[in-house]
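Taking it in order: structure first as structure tokens, then the write-up.
The values are calculated or read from the model by the stated rules, or taken from the named source; none is laboratory data. Everything numeric in this text was worked out from a predicted model, so none of it was measured. Glycine gets a Cβ as well: all are built from the backbone with ideal geometry, and neighbour counts include every protein chain shown.
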Amino acid sequence: MEAEKTGSVRQKTSDLVIAAEKKAEEHDKGSHAARKESLKLPLIFCGAVIYAFGMNYFLQPLHLYAGGFMGFAQLIRTALLRAGVPLGGFDIAGILYYIMNIPFLVLAFRKMRPRFVVKTLFAVTLITAMLSLIPVPKVPVMEDTLADCIIAGIICGVGIGIILRMGACDGGMNLVGMLVVSEHGHTTIGRVSLIGNIVLYSVCLFLFDIPTVIYSLIYATFNAFMCDRIHTQNINTQVIVVTKLKDTSAMEVEIMGSLHRGMTRVPATGAFTGESESVFIIFISKYEVGRLHSIIRSYDPHAFIVETEGVHVDGHFLRKLT
């Protein structure tokens, strides 16, 4: 009898969560969603301009090589120049970058959300245009090559981070990484990018001198660091919630339905007050923390919430990349 009652409660909760998920999905479509996504386009534009500015103004005058597809595009451009192909003084790295992204954009359209692909196409097009429009100084902006590398990495990382934060992608190895992760969740975007960069800088080491490779790696390191700090979808966060609510079922259903995240409920008793409490343990990305706060506060303004960023999660954990 008790087992039947427990099964009935679980089924009811499951039905409520599914209903909440459908409601969230409906809210994520139509004109409302389109307006919401359109508000992100100006920030994607800013991210593309920032990235192209850092690339052209600080990195290109040093004749160094960015990571990922942009680095390969620069290598192809250099090879064409060495082969004597006339380019008319025009830097075709941006155009080559765009061409290299086309097959992966087509694949992403089949595998990922249409809105993500549209925003990514918008971002890649803007990056290509800005790289072609922003002039490249003939001499480095600063006399210190190391300082130029660091500044270029920081600026470009901020630009890419903004684009990723808006649910788009700058293309290149990040896009390839997202496609690989969507098919094989056991890997990460960082690992895919690392493999691509190992190949790239191995070629650079063969063609150029060691300082060129070292300075390029310094740029790539600062770029990745800044990108990760802004692209909060990459940062796993453990959230512990302590609430004195007698009935937490409605809050649980909305969290699981709206965020598509599981949670663990632990019955507890206050050591000082002796009152019954509920402790929830939730693992989400940092990007979702604000939304989780909003849901919890709507049910219990006095809930006690503890967050721990950068935790390692091993097991069945959904990585939300877009």
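The criterion of being assigned by TED's automatic domain parsing to the domain that holds PRO140, crowded, with 18+ Cβ neighbours inside 10 Å and not in a helix (DSSP H, G or I) does not hold for ALA48. Scanning region 264-294 for residues that are in contact (Cβ under 8 Å) with a residue 24 or more places away in the chain, under 24 Å from HIS231 (Cβ atoms) and loosely packed, with under 14 Cβ neighbours inside 10 Å turns up just one, ARG291. Scanning region 278-292 for residues that are within 22 Å of LEU164 (Cβ to Cβ) and either at pLDDT 85 or above or in a helix (DSSP H, G or I) (or both) returns PHE283, ILE284, LYS286, TYR287, GLU288, VAL289, GLY290, ARG291, LEU292. It is to be established whether one or more residues within region 178-197 are under 25 Å from SER38 (Cα atoms) and among the hydrophobic types (A, V, I, L, M, F, W, C). Yes - at least one qualifying residue is present in region 178-197. Taken together, the criteria exclude ALA147 from residues that are crowded, with 21+ Cβ neighbours inside 10 Å, modelled with pLDDT of 85 or more and among the hydrophobic types (A, V, I, L, M, F, W, C). Filter region 221-263 down to the residues that are of a type in the set (Asp, Glu) and out of contact with any Phe, Trp or Tyr (no Cβ under 9 Å at 6 or more places or on another chain), then identify the one that is surrounded by the fewest Cβ atoms within 10 Å (Cβ to Cβ). By that ranking, first place goes to ASP247. Among the residues making up region 61-97, a single one is out of contact with any Leu (no Cβ under 9 Å at 6 or more places or on another chain) and surrounded by 22 or more Cβ atoms within 10 Å (Cβ to Cβ): LEU64.
Residues are listed down the side, and each one gets a yes or a no for (1) part of a loop (DSSP other than H, G, I, E, B); (2) under 11 Å from VAL49 (Cα atoms):
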{"residue": "PHE109", "(1), (2)": "no, no"}
{"residue": "LYS119", "(1), (2)": "no, no"}
{"residue": "LEU126", "(1), (2)": "no, yes"}
{"residue": "LEU131", "(1), (2)": "no, yes"}
{"residue": "VAL136", "(1), (2)": "yes, no"}
{"residue": "ASP148", "(1), (2)": "no, no"}
{"residue": "LEU164", "(1), (2)": "no, no"}
